[in-house]
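Colleague: Here's a structure for you.
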Amino acid sequence: MIEMSYRLPQQRVLHTALPGPRSQELAARRKAAVAAGVGSTAPVYTADADGGVIVDVDGNSLIDLASGIAVTNVGASHPKVVAAVRDQVERFTHTCFMVTPYEAYIQVAEQLAELTPGTHEKRSVLFNSGAEAVENAVKVARLATGRPAVVAFDHAYHGRTNLTMALTAKNMPYKAHFGPFAPEVYRMPMSYPFRDGGTDGAMAARAAISRIEKQLGADSVAAIIIEPIQGEGGFIVPAPGFLPTLAEWARANGVVFIADEVQTGFARTGDWFACDHEGVVPDIITMAKGIAGGMPLSAITGRAEQLDAVHAGGLGGTYGGNPVACAAALAAIEVMKDEDLPGRARHIGEIALTRFRELAQEIPAIGEVRGRGAMLALEFVRPGTTEPDPALASAVAARCLQQGVITLTCGTYGNVIRLLPPLVIGDELLHEALSVLCTAIAELGTAGR
């Protein structure tokens, strides 16, 4: 990574208890105006953000280990992204690509063809959110194959729309009371090494394939959709061989293999995409989050023959590929290349995993340390068991916030702390954040046990 200069001081500073008075005022206004169903992890309100810090409305500077859920990989206000957005806004904010198109959309599609796995001929379509990308990937797969069924996996998260809720495994808070859901979605077992006894990846894949063949029949399956590393489900890294075996079976049976890289994409895992780690080439890949430095943009990129099979007008949307978001994406991709952010993600992972593995030797409540690159997790359990301990995960996250470090919890059982720092965070700030986290785990993981 090249030497970074930051607009804001890269330091943790607490002027008030959290939340401060101004954040509390905004919380009261929010309660009267914003629907209660919209939750927030931290009760502090952002005024500024840069590099690895978020400054709240009370002037507190917090270390960011969330990146807006893997969005601000290049930071929340990288000067190249800011300049690109400002330049585009001064020219035009919208015309709708389906009405009068513009070059930036094409440029983004060209970049995606270059960066995504595989050397086959590709086509792309741009949308606004990860859920939109997933919905449209399924549409393409069903049209291209003429088949109805879609296979998803245990612990999966694919979005909050009707179809993507059907694909998502976790009921609360994502699905509870929102049904009925889209039909022809079938769930299969996931490779979860910590909880399946370390089953060999290829063997776990064959078990899932056997269920698909017995329960559905390969000739009824349009697509398999899977996160190469599961996100909301707990940052579950499948055993080596699981993804390649599934992809090989899909290709042999005319099934579209969709890699949902909404959270794992764009340098986050130490490769441009998580599929790159085992050389898996998906037929369609879904992307969002880190693609545009915080501007709303998503995409699907896939085999030309599949995407081009869709009739004119069958794909699109009013705001899909908005010119401002496209400008931001082109700048963000340039930053990722120029500053070698895949390499930076690997460096972050080496620092964090070393510290976490040492800590795990001392704290039995840490069931597993896992992740890849700058997508890292600690799963908490009752010592001596694999019984999930969601209370400990919540307590650790709350303690970190009190100390000025923003973390996230996740997992089917709510017992995982996940780390998604901006890839431009400096080593000194990263070490400070990790020290706060490790201290919280050490204190809370042994208290009363």
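Just so it is clear, none of the values below were taken in a lab; they were calculated from the coordinates. Remember, predicted model here, so these are calculated numbers, not experimental data. Because the Cβ atoms are built from the backbone with ideal geometry, glycine has one as well, and the counts that use them run over all protein chains shown.
Colleague: Can you list the residues, at least 5 places off or on another chain, whose amide H is less than 5 Å from the amide H of ALA47, using H built in the peptide plane?
Modeller: Correct list: VAL55, ASP56, VAL57.
Colleague: Additional query: In what sequence do GLU278, GLU103 fall when counting other Cβ within 10 Å, fewest first? Each step should come with its number before you reach the end.
Modeller: Details: GLU278 16, GLU103 9.
Fewest-to-most Cβ neighbours within 10 Å comes out as GLU103, GLU278.
Colleague: Continuing with the same structure: Consider all pairwise Cα distances in the stretch 81-338 and report the whole-number % of them above 22 Å.
Modeller: Numbers: 17549 of 33153 pairs.
Of all Cα-Cα pairs in the stretch 81-338, 53 percent lie more than 22 Å apart.
Colleague: On a 25 Å Cα-Cα criterion, which of the cross-link pairs LYS139/LYS337; LYS80/LYS122; LYS122/LYS337 come out too long? Walk me through the intermediate numbers first.
Modeller: Working: LYS139/LYS337 32 Å; LYS80/LYS122 28 Å; LYS122/LYS337 21 Å.
Checking Cα-Cα distances, LYS139/LYS337; LYS80/LYS122 exceed 25 Å.
Colleague: Same structure again: How large is the convex hull of the C-alpha atoms of the stretch 216-268 per residue, in Å³?
Modeller: Roughly 98 Å³ of hull volume per residue.
Colleague: Mind sorting LYS214, LYS175 by how few other Cβ atoms lie within 10 Å of their own Cβ, fewest first?
Modeller: The most exposed by this proxy come first: LYS214, LYS175.
Colleague: Please work out the ratio of the alpha-carbon Rg of the stretch 211-317 to 2.2 N^0.38 Å and round it to two decimals. Walk me through the numbers on the way to the answer.
Modeller: On the way: Rg = 14.7 Å, N = 107, 2.2 N^0.38 = 13.0 Å.
Scaled against compact globular proteins, the figure is 1.13.
Colleague: How much of the pair distance distribution for the stretch 388-449 lies past 17 Å, counting alpha-carbon pairs only, in percent?
Modeller: Working: 723 of 1891 pairs.
Pairs farther apart than 17 Å: 38 percent.
Colleague: Among HIS155, HIS78, HIS120, which one shows the biggest mean-square fluctuation in a GNM of the chain, springs joining Cα atoms closer than 10 Å?
Modeller: Of the options given, HIS120 has the highest mean-square fluctuation.
Colleague: When the Cα atoms of the stretch 40-86 are enclosed in a convex hull and the volume is divided per residue, what value in Å³ results?
Modeller: Values: hull volume 4.0 nm³, N = 47.
Hull volume normalised by residue count: 85 Å³.
Colleague: Of the beta bridges DSSP finds with both residues in the chain, what % are antiparallel, to the nearest 5? Spell out each step's value before the answer.
Modeller: Values: 32 of 48 bridges.
Percent antiparallel among DSSP bridges in the chain is about 65.
Colleague: Which FRET efficiency value, to the nearest 0.05, is calculated for ARG86 and LYS31 with the Förster distance at 51 angstrom and r the Cβ-Cβ distance?
Modeller: Values: r = 34 Å, r/R0 = 0.67.
Given R0 = 51 Å and the Cβ-Cβ separation, E is 0.90.
Colleague: Taking the Cα centre of the chain as the origin, how large is its charge dipole in debye, to the nearest 20, when only Lys and Arg (+1) and Asp and Glu (-1) carry charge on their Cβ atoms?
Modeller: Working: 37 positive and 47 negative charges, 232 e Å.
With Lys and Arg at +1 and Asp and Glu at -1, about 1120 debye.
Colleague: Here's something else I'd like to know. Nearest 500 deg cm²/dmol is fine: what mean residue ellipticity at 222 nm does the chain get from its DSSP H runs of n ≥ 4 alone, each adding -39,500 (n - 2.57), divided by its residue count?
Modeller: Working: 13 runs with 162 residues, N = 449.
Result for the chain: -11500 deg cm²/dmol, rounded to the nearest 500.
Colleague: May I pose another question? What is the Cα centroid distance between the stretch 307-337 and the stretch 226-270, reported in whole angstrom?
Modeller: First find each Cα centre; the distance between them is then 22 Å.
Colleague: Taking every DSSP beta bridge with both residues inside the stretch 81-338, roughly what % is antiparallel (nearest 5)? Each step should come with its number before you reach the end.
Modeller: Numbers: 10 of 24 bridges.
Antiparallel bridges: around 40 percent, rounded to the nearest 5.
Colleague: In nm, what is the difference between 0.36 nm times the number of residues separating ARG211 and GLN24 and their Cα-Cα distance? Don't skip to the answer; put the middle values down first.
Modeller: Working: separation 187, 0.36 × 187 = 67.32 nm, distance 5.15 nm.
Full extension of this stretch gives 62.2 nm more.
Colleague: Would the stretch 46-204 count as rounded, prolate or oblate if I go by the C-alpha gyration tensor, calling it rounded below 1.5 in a/c and otherwise prolate when a/b exceeds b/c, oblate otherwise?
Modeller: Values: a/c = 1.84, a/b = 1.28, b/c = 1.44.
In terms of gyration-tensor shape, oblate.
Colleague: Counting pairs of alpha carbon atoms under 8 Å apart in space and at least six apart in sequence, what relative contact order in percent does the stretch 81-338 give? Provide the component values of the computation, followed by the final result.
Modeller: Working: 521 pairs, mean separation 78.6, N = 258.
Across the stretch 81-338, relative contact order equals 30 percent.
Colleague: Using a cut-off of 16 Å between alpha-carbon atoms, which aspartates and glutamates can reach LYS170, once sequence neighbours fewer than 8 places away in the same chain are excluded?
Modeller: In chain and number order, the partners are ASP154, GLU227, GLU232.
Colleague: OK, next. Got a sec? How would LEU420, LEU62 order by Cβ neighbour count within 10 Å, fewest to most? Write out the running numbers ahead of the final one.
Modeller: Values: LEU420 29, LEU62 26.
Arranged by neighbour count, lowest to highest, LEU420, LEU62 become LEU62, LEU420.
Colleague: If you don't mind, there's one more thing I want to ask. Tell me the label-point distance for the pair HIS311, SER435, using the 7 Å Cα-to-Cβ offset, in nm and rounded to one decimal.
Modeller: Each label point lies 7 Å from its Cα, and together they span 6.4 nm.
Colleague: How large are Rg and Dmax for the stretch 171-268 when calculated on the C-alpha trace, in angstrom?
Modeller: Final numbers for Rg and Dmax: 14.2, 38 Å.
Colleague: Distances longer than 20 Å among the Cα atoms of the stretch 1-71: what percent of all pairs is that? It would help to have the intermediate numbers written out before the result.
Modeller: Numbers: 906 of 2485 pairs.
Result for the distance tail: 36 percent.
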